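Asker: Quick one: the structure is below, and I'll ask about it shortly.
The values are calculated or read from the model by the stated rules, or taken from the named source; none is laboratory data. Computed from a predicted structure; not experimentally measured. Methodologically, a virtual Cβ is constructed for each residue, glycine included, from the backbone with ideal geometry; neighbour enumeration extends over all protein chains shown. Side chains included, ligands, DNA and RNA excluded: accessible areas come from the protein's heavy atoms. Shrake-Rupley method; radii C 1.70, N 1.55, O 1.52, S 1.80 Å.
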Amino acid sequence: KDYSFEDQSQDYKPSADFYKVEAVLRPWRLSPVSSALLKMGIRGVTVTDVRGFGAQGGSRERQAGTEFAGDSFLQKVKLEIVVSKEQVDAVIDTIIDQARTGEIGDGKIFVSPVADIIRIRTGERGLQAERMAGGRAAMQVTVEGSDGN
Ligand code: ATP
Ligand code: GLN
């Protein structure tokens, strides 16, 4: 692979060139998370409104006198971000930084391999389809280029 920057990523299994990072988050953390992702050069993100049930047990935010209802799924948002392998850890770190409150219900992140990426407009596949104008890879090449000169 001729990536122009170091591969610092973990050895995710099964091994693939691309991974989907799926994060289930509190809706009110979406804006800080997406701003931080944009800032680091992540351009392709899909967001879905979902409802979920975890350790939080479908209860409201836990506080004294809280209302418990076993059948109520909580409103969450799901972010899906497909990135090349060496960008996975940075994406995960950013999501945790911005989404974590330390309370039950902060959410969870799932990482899974992606076999291929196809840009519909151009028919590009693989790394060409994954790279985006002004994306993270482009930003890092620029930084390295100016460091070297
Ligand atoms: P084009 O250059 O043809 O506009 P593009 O690569 O910029 O292609 P879009 O067609 O703008 O991609 O993407 C359409 C939708 O696909 C986005 O709104 C987003 O929901 C989703 N998407 C694109 N790239 C990714 C990605 N890497 N991860 C997750 N979702 C993505
Ligand atoms: N990895 C892509 C890039 O560096 C960005 C992918 C994404 O935004 N999901 O251009």
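Asker: So between residue 141 and residue 47, what do we pick up on full extension, going 0.36 nm a residue minus the alpha carbon distance?
Answerer: Length gained, residue 141 through residue 47: 31.1 nm.
Asker: Got a sec to turn the phi values of segment 26-32 into Karplus ³J(HN,Hα) couplings, 6.51 cos²θ - 1.76 cosθ + 1.60 with θ = phi - 60°, whole Hz, x for Gly and Pro?
Answerer: 5, x, 6, 9, 4, 5, x
Asker: Here's another thing I want to ask about it. What is the set of long-range amide H partners of residue 50 at a cut-off below 5 Å, with H atoms built 1.01 Å from backbone N?
Answerer: Amide H neighbours of residue 50: 76, 77, 78.
Asker: Residues with beta-carbon under 12 Å from that of residue 32, excluding residue 32: net charge, scoring Lys, Arg +1 and Asp, Glu -1?
Answerer: Combined, the nearby Lys, Arg, Asp and Glu give +3.
Asker: Now for a separate question. Apply the Karplus parameterisation 6.51 cos²θ - 1.76 cosθ + 1.60, with θ equal to phi minus 60°, to every residue of segment 16-23 and state each ³J(HN,Hα) to the nearest whole Hz, in sequence, with x for glycine and proline.
Answerer: Listing the rounded values in order: 8, 7, 10, 9, 9, 9, 10, 10 Hz.
Asker: Return the long-range amide H neighbours of residue 105 (sequence gap of 5 or more, or a different chain), with a cut-off of under 5 Å between placed amide H atoms.
Answerer: The list, which skips near neighbours in sequence, is 56.
Asker: A further question on this structure: Leaving out ligands and nucleic acids, and using a 1.4 Å probe, what accessible area per residue does segment 89-136 come to in Å²?
Answerer: Ligands and nucleic acids excluded, the result is 64 Å² per residue.
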